[in-house]
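**Student:** Right, I'll just put the structure down here and ask away after.
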Amino acid sequence: MFMMISQAYGRCAPRRIIALCFTLSALAGLSGCYGVAERVPAPPPRAVAPQVAPVRIHPPLKPKQEVASWYGPGFNGRLTTNGERFNENAMTAASKTLPLGSHVVVTNPQNGRSVEVRINDRGPHVRGRTLDLSKRAAQKLGITKNGVARVEVTPAAKHPAMVAPIAPSAVNPSTVLESHI
């Protein structure tokens, strides 16, 4: 009978039969590996404590000694580094190192006067000077006559426009109900 099959299909019949047997046995073996996985219920969510950012306590900032000058005439109306027009009557300043948009308190130690200015430009472009004040800020500090003065610069604690009003109950503790304590 083997001869009859091989004559009917030619010389490759034994190879085809072996390949067919191998394929069928492989499929039979793999069918035993196949199964439907059981559904395992997801674990219940764990209670997570709310995350609170750590509070950093910074030491009080020491005033930085700088040499300030002022500018105004000839620059009024020109564009500053941050794109706004320079106004010599605004409380602004130019600095080489302070971030644009930051607020600093500038104090003249000779007379004790202080002003808060916003950094909106880069400069001064004169060697030995580190801060250029607007004309109005220089007038309030009393340095327009000399043109240049040693000043103390400290970052402003909080910009007044960004401070929220204090709630009445926070000002007067007697208005807080006993049940809330």
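The values are calculated or read from the model by the stated rules, or taken from the named source; none is laboratory data. Note that the structure is a prediction, hence the values are computed from the model and not measured. All Cβ positions, even for glycine, are placed from backbone atoms using ideal geometry, and neighbour counts span all protein chains on display.
**Student:** Go through (1) modelled with pLDDT under 95; (2) surrounded by 10 or more Cβ atoms within 10 Å (Cβ to Cβ) one by one and return the number of the condition Pro54 breaks.
**Tutor:** For Pro54, the exception is condition (2).
**Student:** Would you check which residues across region 12-50 are among the polar types (S, T, N, Q) and at pLDDT below 70 and list them?
**Tutor:** Initially, region 12-50 is screened for residues among the polar types (S, T, N, Q), giving 23, 25, 31.
Matches in region 12-50: Ser31 only.
**Student:** What's the total number of residues in region 62-108 that are aliphatic (A, V, I, L, M), under 13 Å from Asp121 (Cα atoms) and either buried (at least 19 other Cβ atoms within 10 Å of the Cβ) or in contact (Cβ under 8 Å) with a residue 40 or more places away in the chain (or both)?
**Tutor:** If we filter region 62-108 for residues that are aliphatic (A, V, I, L, M), which is where we start, we get 67-68, 79, 90-91, 93-94, 98, 100, 104-106.
With the extra rule that they be under 13 Å from Asp121 (Cα atoms), the set shrinks to 79, 90-91, 93-94, 98, 100.
Now narrow it down to the ones that are either buried (at least 19 other Cβ atoms within 10 Å of the Cβ) or in contact (Cβ under 8 Å) with a residue 40 or more places away in the chain (or both): 90-91, 93-94, 98.
So the answer is 5.
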